[in-house]
Amino acid sequence: MTPELMISNKVRSMEVSATLKMAQKARDLAAKGVHVISLSLGEPDFDTPEFIKEAAYQALKKGNTKYTPVPGTMDIRKAISEKFTSENGLDYAPSQIVVSNGAKQSIANIFMAILNPGDEVIVPAPYWVSYVEIIKFSGGIPVVVSADIEDDFKVNASHIEAAITDKTKAIIFSSPCNPTGSVFTEQELRSIADVIAKHENIIVIADEIYEYINFTDSHISIGTFDNMKHRTATVNGFSKGFSMTGWRLGYMGAPQWLADACNKVQGQITSGAASFSQEAGAVALRAKSKETVEMKEAFKRRRDLIIAHLKQVPGLKVNNPQGAFYVFPDISYYFGTSNGSITINNADDFSEAMLTEAHVGTVSGSAFGNDNCIRLSYAASDDEIIEAVRRIKVCLESFK
Ligand code: PMP
Ligand code: GLU
């Protein structure tokens, strides 16, 4: 048997998640005894708040360990529906909500549910790594529309309009954005909505997983606009705002037809999310907890810290991200330089050099649709942030 021939074409042409790959490389190097500072994985470094863990213990103790309905328990769907209304001004009934094993699965459900071969999905770049791979895996074609650091990495409505064809089925973006931290203003979202509204059959997938880590204090959901209400799927989850990455809990609210289709997909693939995660998730959502706000404040302080230090590194261009916990500096100044043994020709080389020479894990911008930048996650301690940037600076001094 030839294993390569056994693997489907679809999987062979799929990229390994670059964020997960770089995080693993950093772990492998650390396992060899090297002191690596990993700023590669997008994962809050805080523990899950105690009251959420307590809710899960109680759920387990009372025997909440069985299958739940595929789209989630009625209790968590009610909690999500109420959260959408009270915090976002969004109107999704519990029947329009599907709870999944992470927002990643919510996104996969949607693309599997709507895409036929050749359908196009507009993906503003820089984008989160997994969007394009999930779209391709589901038979669709990602149509990438790019924005640079000078525009704070935000595409405008006319860029999007130019990319629309009669094959366009959807657009997906995150705001606050992974990997740039950019946040669309209400005005920017309204102009994007006005362009999309001209086309009856385009749906919007608004990935709002970084909602609680927004330093502008104004989180706008595109699904609240009158012309977008009936065609927006709003994706969110517990991984970032509640520091619950390992609990695998995400959700979406969507028009009823799309929620039904996602329910059908999920019912054949994974069934409902973990029962006790769901019970604890409902408690987390209803608590309006101070921990969420404290984590945001900590990220904001660290954003200021990492930006101040990165600005001291010659040649790097940085902007001022308004949310999430990433910075996305332009490092193209170093293309064509060498330290004698390694030459940096692109962002992949830069990221690799930072790992092997400076022992700092980052992710190349190429994975996010931008070849001039790298992503640094500042979900790390102050000391790690300062030391990581110091190492990068010292390392780059030898590249001429
Ligand atoms: N969307 C974005 C923009 C993300 O950064 C992540 C991070 N993992 C996800 C979705 C998926 O999150 P999860 O599956 O952990 O809920
Ligand atoms: N979303 C996070 C990141 O971008 C976690 C890793 C992943 O799920 O890809 O790093």
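The values are calculated or read from the model by the stated rules, or taken from the named source; none is laboratory data. In this text the structure is predicted, and so the values were computed from the model without any measurement. Methodologically, a virtual Cβ is constructed for each residue, glycine included, from the backbone with ideal geometry; neighbour enumeration extends over all protein chains shown. Side chains are part of the model used for accessible areas, which takes the heavy atoms of the whole protein and leaves out ligands, DNA and RNA. Shrake-Rupley method; radii C 1.70, N 1.55, O 1.52, S 1.80 Å.
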Exercise for the section: Kindly list the number of the only condition in (1) away from ligand 1 (no atom under 16 Å from the Cβ); (2) touching a helix residue (DSSP H, G or I) at 6+ places or on another chain (Cβ under 8 Å); (3) open to solvent by less than 40 Å² (accessible area, probe 1.4 Å) that fails for residue 120. Expected result: (2)
Exercise for the section: Mind listing just one residue for me: the one in the stretch 324-341 that is assigned to a loop (DSSP other than H, G, I, E, B) and surrounded by fewer than 17 Cβ atoms within 10 Å (Cβ to Cβ) and, of those, farthest from ligand 1 (Cβ to nearest atom)? Expected result: 340
Exercise for the section: Consider residue 109 carefully, then state whether it is farther than 26 Å from residue 319 by Cβ and not in a helix (DSSP H, G or I). Expected result: no
Practice task
Determine whether the stretch 248-270 contains at least one residue that is open to solvent by 40 Å² or more (accessible area, probe 1.4 Å), touching a Phe, Trp or Tyr at 6+ places or on another chain (Cβ under 8 Å) and closer than 24 Å to residue 59 by Cα.
Solution key: no
Completion exercise
The lone condition residue 212 fails out of (1) part of a loop (DSSP other than H, G, I, E, B); (2) open to solvent by less than 30 Å² (accessible area, probe 1.4 Å); (3) within 16 Å of ligand 2 (Cβ to nearest atom) is (2)
Completion exercise
Scanning the stretch 375-396 residue by residue, those among the hydrophobic types (A, V, I, L, M, F, W, C), away from ligand 1 (no atom under 16 Å from the Cβ) and under 21 Å from residue 335 (Cβ atoms) turn out to be 389, 392, 394, 395, 396
Problem - Selected residue (criterion: nearest to residue 139 (Cα to Cα)) from residues of the stretch 8-46 that are open to solvent by less than 80 Å² (accessible area, probe 1.4 Å) and of a type in the set (Val, Ile, Thr) - result: 11
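Residue-wise test of (1) modelled with pLDDT of 95 or more; (2) acidic (Asp, Glu); (3) touching a strand residue (DSSP E or B) at 6+ places or on another chain (Cβ under 6 Å).
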position	(1), (2), (3)
225	yes, no, no
229	no, no, no
232	yes, no, yes
242	yes, no, no
254	yes, no, yes
259	yes, no, yes
275	yes, no, no
283	yes, no, no
286	yes, no, no
